[in-house]
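Remarks on the structure that follows.
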Amino acid sequence: MARDQTIVRRFIVVAETSNYTFVEARARRPSLPTAESVLDSLLGAHRAGTLDEWQRRHPRIAAWIDAQWLRPLRGAAGDLLPAGQRAAALSLLLRWAIGQQRPDQAALGDPIPREAWIERTSWRPMLALTCQYGFAPVPAFRDRYRGHADEAAASHLCGLWSVGASTYYRYLDKGKRALAQLLREAPAPAVHRLALRAATLALVDAQPSLADDTARRAWHARHAAAALADDDSIAALWHLSCARDTAGFIQALQRHSVELANDGETDLLLGAMDAAAESPRERFDLLLAQGTLWRMRGDAPREQGSYEQALRLAAAADDPLLLGIVYGALGKFHEPRDLDRAFAYYQDGAECLRRSGLGEDGSAAAETIEEYVATLVRLAWLYVLRNDPRSKAVLERAESLCRRHTLSPATMAMLEQTWGECWRRAGELTRALEHKHRALLLYERIDDRQAILKTFGNLSLIYGEAKDFARASEYARRVLALADTMTVEPEILASTHLNLGVACFWQADYAQAQAEYEAALEIAMRNRLHRVAGIAHLNLAEVAYLRFKQTADPQDESRGDRHAAAATAIWPHDSDPAHSEAARRLKQEILGPDAGLARDRLLPAEATDHYAEMAEVRRQREQLAVPGAPQDHVGAHLAIARAYLSIAMKEREAALSLIERHGLGQRFIDEIESLRQTFDRELTREQKLIAQWRQATADLLSAQRCAAVLEALMASGYVNKSGYAELCALSPATASKHLGTLAERGLLVQTGKGPATRYMLPA
């Protein structure tokens, strides 16, 4: 087979959207005794007014506090803190942290009532800290205690509370311990970071120049822009929420969705914006933004729920523009799951947008045109994925509208990206590169680094297909370089390693190609990217077979067989026949028609239909052909028996399918019963379960999803409603019905009630 014909399947195209689950990194934190010691010296420095000197003496501790606490504080306080001085930020941090110990949970600056100072012992640890370290003086309650003007805080509070020094210092130690526990939390909890930001609003309110609402909003807008320029997207989101700039808030959330999805503070800010929404349109836009957040976290049920809520709002308002927008979002949701449903949603969206005021000449409001063109481009993308020639007509329609209207660079870039993929699939790589480079320029103009990253990956792909492997490697390495400075979607990172490996492969650097493929496989398996993992297995098999062809090392052949079988397992023939067939025939393509199982002329059909089983038969036959210990030969014979038993199971299931389809049950009842008895005697528990489940769940689950559910059950011992819904890509309601049906059929046993309900395999 000509090598030029196989390159397309070796590369992978980076999709526009994917689902991911992010894990928050946990910083190393000091022990509690260490934290208490550090806090004691820090409080002493505050009382003495030597915080700057303290930071110079303890650079590592200061850096840790800065990373954990001062960055959100400075991002919130902005230019109200003295420039270049962390001492003021440290003082404000300590003041806020002490305020968190207030038993009444009131705001930091709220006055403390008289009874709290005198009668309530629960307040005394916080009050002791406040007064001992110079955050506030002890009030004068001359009817209760007459202290001297220059009396120390400890003596004054002992007199006020009528306690001895030892009791006072027990209060102080208790306050320090609580304060140390708060400050050592790593990473800082989102709710605490948000509270710290909110505490800085007192600084804003105290400024005479920011006394009116308009000035405060302008101040927050200015600092939001500065935070975005400083790559502090969560601070920008906070300032935009304070400015009540819903449009800017949503734009920032969409632009920096990958980074913001990994921060729990985003949820709190989004909830605050949602509660403050003043119109149905603001509520609608926030629901769509919330859906984007859930998509980045890989929470499909919640993402779909957000869009369905937005759909109900749009339907209640009977607004075709809003309906068109939410249909587009639902199409994007279903695109990686069900292309037909995505196509239907995009069509409905385009129709609604036409009804919302799109004239025959293409005239309409700017927002309508923007959404309509974006929907046309998404429709064209689906046509491109299906290799449907109608894609060009749809893209030309979108392009004609772009020439008559001024659209956003993001929409124009999406159009260029889709044109690029269209020409790539048509084999016109020069035109594809032109469009991809235009898209890159547009993304650079708006500084959309996530899109820039994806475009670098696409350029690496196309240059690889054009056999310009030097430039393919260059763009792939640009992606990896950016990945060191920002949060990157796992699929992009895995795809980049794949494309870089392909470039190395075509330059005959098989060792480096293997290393890149293995890196891609590790990322894909960790993030459950089965499509990418399958391609990585296929490429690793290719490298192994080529090495075997050069060196005749049987380990390379075995490694190739293992990866080819893994690729076949990931791609069941009914879900991805092209890739499945490529994995089955790869060995013969590289090593020739006599390679592997093709040399076994007795069972040519089994060589392709039962690839993995026949590979095992061949390996064991080769072991039997050489002298060996009797026990080794017994093991080989048994392995061959198990392989043929697995083939027999598959053939029996094929027969049962035909019997059911054509109503032939009575004719073959004796043969089927005889096979059943044989399997009952010979099959392992797992094999029996698989056979039983496939037969009993054919009306509910595909073979692939049935296998996934069984794998989860045998790995963890149980499955719950949410886990089943995720495995089978179902709604929670449908998952609940499925589980009830499986329990009725005796396949599962239900335990627990309510949220604790679990389903297990029968004993």
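Computed from the coordinates by the stated procedures, all read-outs in this text should not be read as laboratory data. Everything numeric here is computed off the predicted structure, so don't read it as measured data. Quick reminder, even Gly has a Cβ in these numbers, built from the backbone with ideal geometry, and neighbours come from all protein chains shown.
Couple of notes before you dig in:
- Relative to the longest principal axis of the Cα atoms of the chain, helix 190-199 runs at roughly 30 degrees.
- Overall form of the range 708-763: rounded. Here a/c, set by the Cα gyration tensor axes a ≥ b ≥ c, is under 1.5.
- Across the chain, the relative contact order, built from alpha-carbon pairs under 8 Å that are at least six residues apart, equals 8 percent.
- Couplings 3J(HN,Hα) for the range 66-81, derived from phi with the Karplus relation 6.51 cos²θ - 1.76 cosθ + 1.60 (θ = phi - 60°), are 4, 5, 7, 10, 6, 4, x, 5, 5, x, 7, 7, x, 7, 7, 8 Hz, where x marks Gly and Pro.
- Ranked for footprinting exposure by Cβ neighbours inside 10 Å, fewest first, PHE284, PHE668 give PHE668, PHE284.
- Computed magnitude of the charge dipole of the range 32-188 (debye, nearest 20; Cβ of K, R +1, Cβ of D, E -1): 200
- Ordered by the number of other Cβ atoms lying within 10 Å of each residue's own Cβ, fewest first, SER155, SER391, SER166 fall into the sequence SER166, SER155, SER391.
- Our coupling estimate for the range 391-407, obtained by passing each phi through the Karplus curve with A = 6.51, B = -1.76, C = 1.60 and θ = phi - 60°, is 4, 5, 4, 5, 5, 5, 4, 4, 5, 5, 5, 5, 6, 8, 9, 8, 10 Hz, Gly and Pro reported as x.
- For the pair the range 325-354 / the range 445-488, the C-alpha centres are spaced 29 Å from each other.
- Gyration tensor (alpha-carbon) shape descriptor, the chain, a/c threshold 1.5: prolate
- Couplings 3J(HN,Hα) for the range 380-389, derived from phi with the Karplus relation 6.51 cos²θ - 1.76 cosθ + 1.60 (θ = phi - 60°), are 4, 4, 5, 4, 4, 4, 8, 6, 8, x Hz, where x marks Gly and Pro.
- Helix-only [θ]222 nm of the chain, DSSP H runs n ≥ 4, -39500 (n - 2.57) each, per residue, nearest 500: -22500 deg cm²/dmol
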